[in-house]
Amino acid sequence: MMEKIQTDVTIVGAGGAGLRAAIALAEADPKLRIALISKVYPMRSHTCAAEGGAAGVIKPDDSLDLHFSDTVGGADWLCDQDAVEFFIGEAPKELTQLEHWGCPWSREPDGSVAVRPFGGMKIKRTWFAADKTGFHLLHTLFQTSLKYPSIQRFDEHYATDLLVDDGRCQGLTAIEMRSGQLRQFQAKAVIITAGGAGRIFPFTTNGAIKTGDGMAMAYRAGVPLKDMEFVQYHPTGLPNTGILLTEGCRGEGGILVNKHGYRYLQDYGMGPETPLGQPVLKTMELGPRDRLSQAFWHEQRKGNAVSTPWGDCVLLDMRHLGEKKINERLPFVRELATSYLQKDPVHEPIPIRPVVHYMMGGIHTDINAATVVPGLFAAGECACVSINGANRLGSNSLTELLVFGKRAALSAIEYIGSGKVTPNDTVLTKQAEVVQSRIRALFDKSGGTESISGLRKEMTDSMEEHVGIYRTAEGLEAACAKLGELRLRYQGIELHDKTNVYNTDLLQALELGAMLDCAEAVAVGALERKESRGAHQRLDFEARDDQNYLKHTLAYYHPKEPPRIEYLDVVITKSQPSVRDYSGAKK
Amino acid sequence: MNERQIQLEVLRYNPETDDEPRFQTYSVPCPDEWVVLDALNYVKDNLDTTLSYRWSCHMAVCGSCGMMINGEPTLSCKAFLRDYPDHIRVEPLAHFPIERDLVTVIDDFMGKLSRAKPYLIPKEEKAIEEGEYRQSPAELKRFKQYTLCINCMLCYAACPQYGLVPAFIGPAAITLAHRYNIDSRDGGRDQRQQVIATNEGVWECSFVGACSEVCPKHVDPAAALQQVKIASTVDWYKEHLMPWGGKS
């Protein structure tokens, strides 16, 4: 007999967005039965790896309008402006809420919260806790969540399938890692906060857990994935491991130089050069991530990159900041570069190169974090509201976790209160049994011809080769064909571990299935979008095409074929598309 | 890049098929710059898909991959092979029950962390509209170090007292309680003292200091525990020797 757990709201993913949602639910109504499911313990969630900060208007020289225009321009106008406006209005409240919960934000001498400069932002508005902002945000939320007895955690449970009946999402199934048992969670509403899918690429800042499980689960249940082709490369990753060095390095005054010691960004529309140690907002090293990563690609082709044992790099030079400032503002960066690359930023420039960092796309939701399936909500990196459009500005995503994590919770409460939601137990249980049989069949299978790690490598190699910073029809067609082939060959895997307790062979098999689905949505979306915008750059369609593509891509799942692609107009309220100007000469 | 052949001796235990833990040795070709976790991933991907262990961030911040490496509690993602001989023994964290292979059962720690009330209990309530609590850089500095705990539990594996007396609340949980106790915004110390200033709390600590030696984030739990002891002693004197229980 499969164990059945009755809940009001089940949340999948216990990182920043999931924890924020759980707390909002518990605070709104202590009687709500909340299940918080995660494939890891909450403090292992990848929110912990975010370094630089969280954006929110708080200082007198700043305004909501400025944060709005930075975000919309940064997004290359592919965001929904009503969502951006809502987000920016809520941001300062959410960051203050975190402060009230104990987050150790860095401070000004007068005791107010300090802010730092960040890429693409015209005003200093990034709240930070040294260079471990995501870590502190996650732990503050996790520790605060311990106050609420109604939040029942199901740590190390891997969610496999949504249960949808009568057109409404009414729960899900999840495997308890410790026992290997499948459990059925019935819920009046489900919130997916399961993070991104950076592991579909080989070179990424993302931890091993970022395999797109939540995205794939919603996708397979009929919810479209939106704007998946927009994959953010962070310009400054350590070349051997992909470990991130925060944008805060440049916010504090670090510079990027090529092998000639030349600050090459001035050649890519982000000049003129700014004085050393005096960074100027929204230009040069404080341009947006897409532009900086693209500039690297060009420098590499011009032969201006520094060659290293780990491939071509450019240099991030922070020496002029001095040891004191580096220790105070960027201690983690120093620790990471010194231990993982054996280079101390106090004494030498650090070789870096662009690295896959963030998925702008994700589960299609509206401004209320609701999906097209009633009862199903999503927030955080796994979702696409969209506020990030074609290129997310650094420090908007931590804030997004909070704003839309809470929004998803409030929307779920509203949804539960609005109708008579009586689950059909027989139907749901039958669905759960189908899942059970599918997983059993995977265990029982023998004579498999494919290996999980082999397929995974072919997938990541193809994504890197063809779906990177610059793309062409030819390359994308090759990637789509390869991914279609891999999805087929995935049927030929076999588990070598047939036991139940903490079976990571099974876990990796399920994760690979999710990654293949997400990767195909990325590649097909990229092939169909015949323009260049933000993080999606086509060598065969170099210009932005507002006539045809000022639209969100919606990818609909098909079990055997590539996704069906549809388009949805973006919401424009007050900012018409124009030129993204990151030159220092702009008005 | 130079490569070395490492003999990785890994503790294996599957409760469904093994009566007791055993060791299995894998020969792994390792570039110099690898960490022990990279070698485990090589095994998982190329030699033996049945090996189970926890990991995620590979940058020493998620706290998943703590293990005993040549007998020392260590994050495997920060255990550089350049610092080890050609033979490396990997075991699950000491003092925790083994769930499977290198995966331990951490319910005990999770329960203790929760009991220590590691969240802000505000000295004075403040509405969001009133803005942030003011806190000077000096006030922040007082507790900042203790916020850096990643819950990796290396300190529990290193602590001889936790090994002897499993009821001991232990270094990380007490440190996190102390972190809130000395936060200028907090007023919840009395509530936490009931948990940590007890025989199973700080008074169980014998000040060996092993916790601070193994801490990958330099949190220095031993210092936190000493501060709690001193503050608790002051409480006792105030209560017993001062007029009106020290509460003038």
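The values are calculated or read from the model by the stated rules, or taken from the named source; none is laboratory data. Bear in mind the structure is a predicted one, so any value in this text is a computation, not a measurement. Here the Cβ is made from the backbone with ideal geometry for all residues, glycine too, and neighbour counts use every protein chain on show.
Can you tell me which residue within the stretch B:8-64, out of those that are more than 7 Å from chain A (Cβ to nearest Cβ), among the aliphatic types (A, V, I, L, M) and not in a strand (DSSP E or B), is farthest from residue B:88 (Cα to Cα)?
B:60
Checking the conditions here, which among A:375, A:380, A:405, A:419 is among the small types (Gly, Ala, Ser), under 30 Å from residue A:32 (Cβ atoms) and at pLDDT below 95?
Answer to the selection: A:419.
Which of the residues spanning the stretch B:28-42 are in contact with a strand residue (DSSP E or B) (Cβ under 6 Å, 6 or more places away or on another chain) and either among the hydroxyl-bearing types (Ser, Thr, Tyr) or crowded, with 20+ Cβ neighbours inside 10 Å (or both)? Before you say what the answer is, go through the steps one by one.
Filtering the stretch B:28-42 for residues in contact with a strand residue (DSSP E or B) (Cβ under 6 Å, 6 or more places away or on another chain) gives B:28-31, B:35-36, B:39, B:42.
Scanning the stretch B:28-42 gives B:28, B:30, B:35, B:36, B:39, B:42.
I'm checking my understanding of the structure. Among residues of the stretch A:538-550 that are of a type outside the set (Asp, Glu) and in contact (Cβ under 8 Å) with a residue 60 or more places away in the chain, which one is farthest from residue A:120 (Cα to Cα)?
Within the stretch A:538-550, the subset of a type outside the set (Asp, Glu) is A:538-539, A:541, A:543-544, A:547-550.
Still in the running and in contact (Cβ under 8 Å) with a residue 60 or more places away in the chain: A:538-539, A:544, A:550.
Working: A:538: 22, A:539: 24, A:544: 19, A:550: 21 Å.
Here the answer is A:539.
Filter the stretch A:253-291 down to residues that are assigned to a loop (DSSP other than H, G, I, E, B), within 30 Å of the chain's Cα centre (by Cα) and surrounded by 15 or more Cβ atoms within 10 Å (Cβ to Cβ), then give me how many there are. I'd like the intermediate steps shown before the answer.
Taking the stretch A:253-291 and keeping what is assigned to a loop (DSSP other than H, G, I, E, B), we get A:253-254, A:258-263, A:269-283, A:287-288.
Add one more test, that the residue is within 30 Å of the chain's Cα centre (by Cα), and what stays is A:253-254, A:258, A:263, A:269-271, A:279-283, A:287-288.
This time we only want the ones that are surrounded by 15 or more Cβ atoms within 10 Å (Cβ to Cβ), so: A:253-254, A:258, A:263, A:269-271, A:279, A:281-283, A:287-288.
So the answer is 13.
Is it the case, given these coordinates, that residue B:188 is surrounded by fewer than 24 Cβ atoms within 10 Å (Cβ to Cβ) and on the phi > 0 side of the Ramachandran plot?
Judged against the criteria, residue B:188 is not a match.
Can you pull out the residues in the stretch B:149-168 that are touching a helix residue (DSSP H, G or I) at 6+ places or on another chain (Cβ under 8 Å) and part of a helix (DSSP H, G or I)?
B:154, B:155, B:156, B:157, B:158, B:160, B:161, B:162
Based on what the data block shows, is residue A:89 more than 9 Å from chain B (Cβ to nearest Cβ), closer than 25 Å to residue A:25 by Cβ and not in a loop (DSSP other than H, G, I, E, B)?
In short, yes.
Could you tell me which residue of the stretch B:100-115 is nearest to the other protein chains (Cβ to nearest Cβ), considering only residues that are closer than 22 Å to residue A:500 by Cβ, charged (D, E, K, R) and touching a residue at least 40 places away in the same chain (Cβ under 8 Å)?
B:100
Exactly one condition in (1) touching a residue at least 12 places away in the same chain (Cβ under 8 Å); (2) part of a loop (DSSP other than H, G, I, E, B) is not met by residue A:60; state its number.
It fails just one condition, (1).
From the list B:118, B:92, which one is surrounded by 18 or more Cβ atoms within 10 Å (Cβ to Cβ), touching a residue at least 40 places away in the same chain (Cβ under 8 Å) and touching a helix residue (DSSP H, G or I) at 6+ places or on another chain (Cβ under 7 Å)?
Every option except B:118 fails the conditions.
For the stretch A:485-544, enumerate the residues that are of a type outside the set (S, T, N, Q), assigned to a loop (DSSP other than H, G, I, E, B) and within 14 Å of chain B (Cβ to nearest Cβ).
A:494, A:495, A:496, A:497, A:498, A:501, A:502
Step by step: first the residues of the stretch A:25-39, then only those that are within 14 Å of another protein chain (Cβ to nearest Cβ) and crowded, with 24+ Cβ neighbours inside 10 Å, then the one that is farthest from residue A:503 (Cα to Cα). Which residue is that?
Only one residue tops the list, namely A:36.
Given the conditions (1) surrounded by 21 or more Cβ atoms within 10 Å (Cβ to Cβ); (2) within 14 Å of chain B (Cβ to nearest Cβ); (3) part of a loop (DSSP other than H, G, I, E, B), which single one is not true for residue A:142?
Here residue A:142 clears every test but (3).
What is the residue count in the stretch A:420-478 for residues that are among the β-branched types (Val, Ile, Thr), within 15 Å of residue A:491 (Cβ to Cβ) and more than 14 Å from chain B (Cβ to nearest Cβ)?
Looking only at that region, the number is 2.
Look through the stretch B:70-108, keep the residues that are among the hydroxyl-bearing types (Ser, Thr, Tyr) and part of a strand (DSSP E or B), and return whichever of them is farthest from residue A:177 (Cα to Cα).
Out of the qualifying residues, it is B:74.
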